[in-house]
Amino acid sequence: MAGEEIRQDTRTVEQIVDGMSLFDDDLMSMVFDGNIEATELLLKIILKKDDIQVVSVVGQRELQSPVVGGRDIRLDILAKDSTGKQYNVEVQKKPEGAHIRRARFNSSMMDSRMLKAGQEFSELQDSYMVFITQTDIFGHGIPIYTINRHFEEIDDIFDDGSHIVYVNGNYKGDDTVGRLMHDFGCKESKDMYYPELARGMRHFKEEGGRKKMCEAVEKYAEQKAETVRLNSLLESIRNLMANMKLGAEQAMNVLEVNDQDREILQKRL
C-alpha cells in the first residue's frame with residue numbers, strides 16, 4: 001500500500017509539471033533565474049525599450065520587511081540593468097494576486113533597499129513593477145497598461161522614477177506582446193515562438209531540470225498543507241478564546257499546541 005501511495009504521488013507531481021506554463025510562478029521563476037537572455041527579451045518587449053542590458057536576475061527573491069512583524073514578500077523575478085534600474089516581474093493567475101496596492105507595496109520594498117547610508121535621494125534609481133496576469137484584470141482589451149505619476153493641475157509627468165506595468169496575459173494580437181503571451185500560456189517548448197523562452201521551458205519540463213521542477217512542486221504542496229494545518233489550528237484557538245473566554249495561552253494549552261507551532265501562532269493572534 002505504501003509503495004502504491006508513493007507511485008500515486010509521483011504520478012500526480014508529474015502530471016502537475018506537465019500541465020504547467022510560464023503563468024505558474026514556480027516554473028517561471030526557474031526559467032528566468034540567472035537567464036539574462038530571456039529576461040532581456042521579456043523586458044524589451046513589455047517596456048518597449050531596445051537598449052535594456054540586464055546584468056543580473058534572480059528568481060524567488062525574498063525581501064524581509066524592515067519593520068518587526070511587518071509583511072515579507074517573495075519576488076518571482078528581481079532583475080537589474082547596466083544603468084542600475086531594477087525590475088520586479090510577477091506572474092499571477094488570479095486577479096486578487098495582482099491587486100493595485102500590492103504593486104505599490106512591492107515598489108516600496110524595492111526602493112527601500114536601493115540607497116545606502118549617506119547616499120542622496122537623487123541617486124535613487126528607477127524601479128519597474130511588472131505584473132503579467134493571465135486575464136485582462138482591467139477589462140479594456142489592450143495588451144499593456146502603463147502607470148506613471150503625473151501632476152493633476154498641469155499636463156506634465158511627475159518623474160520620480162517609479163513605474164508600474166500590467167500585462168494582459170489574455171491578449172492574442174499578432175505582435176510581439178501577443179506572441180510573448182502565447183508563449184507564457186504554452187505547456188510545451190515546441191509550441192513557443194521565442195527560442196530564449198523555449199530553451200528554459202525545455203530544460204525544466206523535458207530535460208535535466210525536470211527533477212528540480214518536480215521537487216519544487218512537492219515542496220510547494222508540503223508548504224500549502226502546512227499552511228492549511230496552521231490556519232485550522234488558529235481558527236480553533238480563536239473559537240476557544242471567543243466561546244470559552246480563554247486567553248491565547250490557555251486556549252493553546254487546551255489544544256496541546258507544541259512549542260514550535262505556539263511560537264508561529266502567537267504572532268498571528
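Criterion first (in contact with a helix residue (DSSP H, G or I) (Cβ under 8 Å, 6 or more places away or on another chain) and either surrounded by fewer than 10 Cβ atoms within 10 Å (Cβ to Cβ) or in contact (Cβ under 8 Å) with a residue 40 or more places away in the chain (or both)) does Val257 satisfy it? Show your work before the answer.
Numbers: in contact with a helix residue (DSSP H, G or I) (Cβ under 8 Å, 6 or more places away or on another chain): yes; either surrounded by fewer than 10 Cβ atoms within 10 Å (Cβ to Cβ) or in contact (Cβ under 8 Å) with a residue 40 or more places away in the chain (or both): no.
No; evaluated as a whole, the condition is false for this residue.
Cβ-Cβ below 6 Å, separation at least six or inter-chain, first residue in the stretch 232-251 and closer than 10 Å to Leu269 by Cβ and touching a residue at least 24 places away in the same chain (Cβ under 8 Å), second charged (D, E, K, R) and open to solvent by less than 80 Å² (accessible area, probe 1.4 Å): which pairs?
Filtered contacts from the stretch 232-251: no entries.
So is Glu62 at pLDDT 95 or above and open to solvent by 30 Å² or more (accessible area, probe 1.4 Å) or not? Spell out how you get there, then give the answer.
Details: at pLDDT 95 or above: no; open to solvent by 30 Å² or more (accessible area, probe 1.4 Å): yes.
Here the answer is no, as Glu62 does not meet what is asked.
If I ask for residues that are open to solvent by 30 Å² or more (accessible area, probe 1.4 Å), more than 20 Å from the chain's Cα centre (by Cα) and without any contact (Cβ under 8 Å) to a residue 24 or more places away in the chain, which ones from the stretch 169-195 would you list?
Lys172, Asp174, Arg179, Glu188, Lys190, Asp191, Tyr193, Pro195
Kindly indicate whether any position in the stretch 140-150 is modelled with pLDDT of 95 or more, open to solvent by 70 Å² or more (accessible area, probe 1.4 Å) and more than 28 Å from Met110 (Cα to Cα).
Yes, the stretch 140-150 contains at least one residue that is modelled with pLDDT of 95 or more, open to solvent by 70 Å² or more (accessible area, probe 1.4 Å) and more than 28 Å from Met110 (Cα to Cα).
Please enumerate the residues belonging to the stretch 136-153 that are in contact with a strand residue (DSSP E or B) (Cβ under 8 Å, 6 or more places away or on another chain) and outside any strand (DSSP E or B).
Within the stretch 136-153, Asp136, Ile137, Phe138, Gly141, Ile142, Pro143, Arg149 qualify.
Cβ-Cβ below 7 Å, separation at least six or inter-chain, first residue in the stretch 73-87 and more than 16 Å from Asp33 (Cβ to Cβ), second part of a strand (DSSP E or B) and among the β-branched types (Val, Ile, Thr): which pairs?
Here the result reads Asp81/Val54; Asp81/Val55; Ser82/Val55, each pair linking the stretch 73-87 to a residue that is part of a strand (DSSP E or B) and among the β-branched types (Val, Ile, Thr).
So, of the residues in the stretch 11-32 that are over 16 Å from Glu188 (Cβ atoms) and without any contact (Cβ under 8 Å) to a residue 40 or more places away in the chain, which turns out to be surrounded by the fewest Cβ atoms within 10 Å (Cβ to Cβ)?
Ranking the qualifying residues of the stretch 11-32, first place goes to Arg11.
Within the stretch 196-225, which residues are open to solvent by 70 Å² or more (accessible area, probe 1.4 Å), within 23 Å of Leu42 (Cα to Cα) and not charged (D, E, K, R)?
His203
Might you check whether a residue that is at pLDDT 90 or above, assigned to a loop (DSSP other than H, G, I, E, B), open to solvent by less than 70 Å² (accessible area, probe 1.4 Å) and under 29 Å from Met28 (Cα atoms) occurs anywhere in the stretch 101-117?
no
Table: residues versus (1) within 24 Å of Ala103 (Cβ to Cβ); (2) in contact with a His (Cβ under 7 Å, 6 or more places away or on another chain); (3) without any contact (Cβ under 8 Å) to a residue 40 or more places away in the chain.
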position: Ile137; (1), (2), (3): yes, no, no
position: His140; (1), (2), (3): yes, no, yes
position: Lys205; (1), (2), (3): no, no, no
position: Ala216; (1), (2), (3): no, no, no
position: Glu222; (1), (2), (3): no, no, yes
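A quick yes/no check of all residues on (1) at positive phi; (2) among the charged types (D, E, K, R); (3) modelled with pLDDT of 90 or more; (4) open to solvent by 50 Å² or more (accessible area, probe 1.4 Å):
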{"position": "Val57", "(1), (2), (3), (4)": "no, no, yes, no"}
{"position": "Gly69", "(1), (2), (3), (4)": "yes, no, no, yes"}
{"position": "Asp76", "(1), (2), (3), (4)": "no, yes, yes, no"}
{"position": "Ala79", "(1), (2), (3), (4)": "no, no, yes, no"}
{"position": "Asp126", "(1), (2), (3), (4)": "no, yes, yes, no"}
{"position": "Ile154", "(1), (2), (3), (4)": "no, no, yes, yes"}
{"position": "His163", "(1), (2), (3), (4)": "no, no, yes, no"}
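The values are calculated or read from the model by the stated rules, or taken from the named source; none is laboratory data. Just so it is clear, the model here is predicted, and its values are computed rather than measured. Counting neighbours? That spans all protein chains shown, and the Cβs are built from the backbone with ideal geometry, glycine included. Ligands, DNA and RNA are stripped out before the accessible areas are found, and what is left, the full protein with its side chains, is counted by its heavy atoms. Shrake-Rupley method; radii C 1.70, N 1.55, O 1.52, S 1.80 Å.
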